[in-house]
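Each reported figure results from applying straightforward, stated rules to the coordinates on display, with no laboratory input. Since the model is a prediction, treat every value here as computed from it, not as a measurement. Heads up, the Cβs are rebuilt from the backbone with ideal geometry, glycines too, and the neighbour counts pull from every protein chain shown.
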Amino acid sequence: MLKSKDAKLQGLRVCLWLPAAEGGSFLFPGVLRRIDLMTVQRLFLSLEISEKQLQQLQTSSGISIHEAAWFLSRIREYHEGVFHHSCNVAWLSAQLAIKLGLTITEVYLQTLGALFHDIGKIAIPCSILDKQSRLNEQEWALVKKHPKTGIALIGDYEWARQLEPMIMLHHERFDGQGYYSVPVEKLPLSVRIIIIADAFDAMKSPRPYQKKRSTSACWDEIERCSGTQFDPELLPAFYSTISKIPGKD
């Protein structure tokens, strides 16, 4: 079981506190920027996963942080808002997984699945992602395809199968009324974790179509939707997680 010391909880925007890449250097020529690798490294460091443990996790899962950083680069280069949201949801999901007593391997996979939960949005025009007014029927239909698109984008990688439920099902609901009407019995714990973290950061962060909410207002909404959108058994641990976010309001 992992333990997270309160003093080391860095807050939501872990990715934004990293130093800029020196001289625009690349690890993979032309595609992987140092800042994205550092983002992934800092994310796991904030979870108190040591370098030795991280190396073992990469070997056992078949998912290297270099590959993770390559995909994160694609997200950041396409849309900064999706990039920030992805990092926030990954951090929140990992913290909740730790609170729930998941193993280090489960926390590693939870973090990566959350980091890529919205990767399918890089196939949605930015004009739709940044639209301030209500989406029309055609635009909404395109947005609702992003979980399936995300699977298609990483589906050629064998290791991606471990993350597919989190990418495919993160818009499902506890009451079975999500994008694909999947009943809760078929929603893994990893998915139910991301559903809460995703909704919280969506409310907490400024969006073109809405103002950001305070942490207390976000929590009120999550409580209101307990048992319908969210798994009520996860809410106490999630509240404990967000209550320790520095400067949360």
Mind telling me which of the residues ARG207, ARG213 ends up being in contact (Cβ under 8 Å) with a residue 60 or more places away in the chain and either surrounded by 14 or more Cβ atoms within 10 Å (Cβ to Cβ) or of a type outside the set (A, V, I, L, M) (or both)?
ARG207
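This table checks each residue for (1) part of a loop (DSSP other than H, G, I, E, B); (2) under 16 Å from the mean Cα position of the chain (by Cα).
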| site | (1), (2) |
| --- | --- |
| GLY178 | yes, no |
| ARG192 | no, yes |
| ALA199 | no, yes |
| GLU223 | no, no |
| THR228 | yes, no |
| ALA237 | no, no |
Name the residues in the range 179-198 that are touching a helix residue (DSSP H, G or I) at 6+ places or on another chain (Cβ under 7 Å), among the hydrophobic types (A, V, I, L, M, F, W, C) and farther than 19 Å from GLN162 by Cβ, would you?
ILE196
Counted residues, the range 146-166 - those being in a helix (DSSP H, G or I) and either of a type in the set (Gly, Ala, Ser) or under 16 Å from GLN58 (Cβ atoms) (or both)
6
Among PRO183, PRO188, PRO232, PRO236, which is in contact with a strand residue (DSSP E or B) (Cβ under 6 Å, 6 or more places away or on another chain) and either over 15 Å from ALA90 (Cα atoms) or of a type in the set (Phe, Trp, Tyr) (or both)?
PRO232
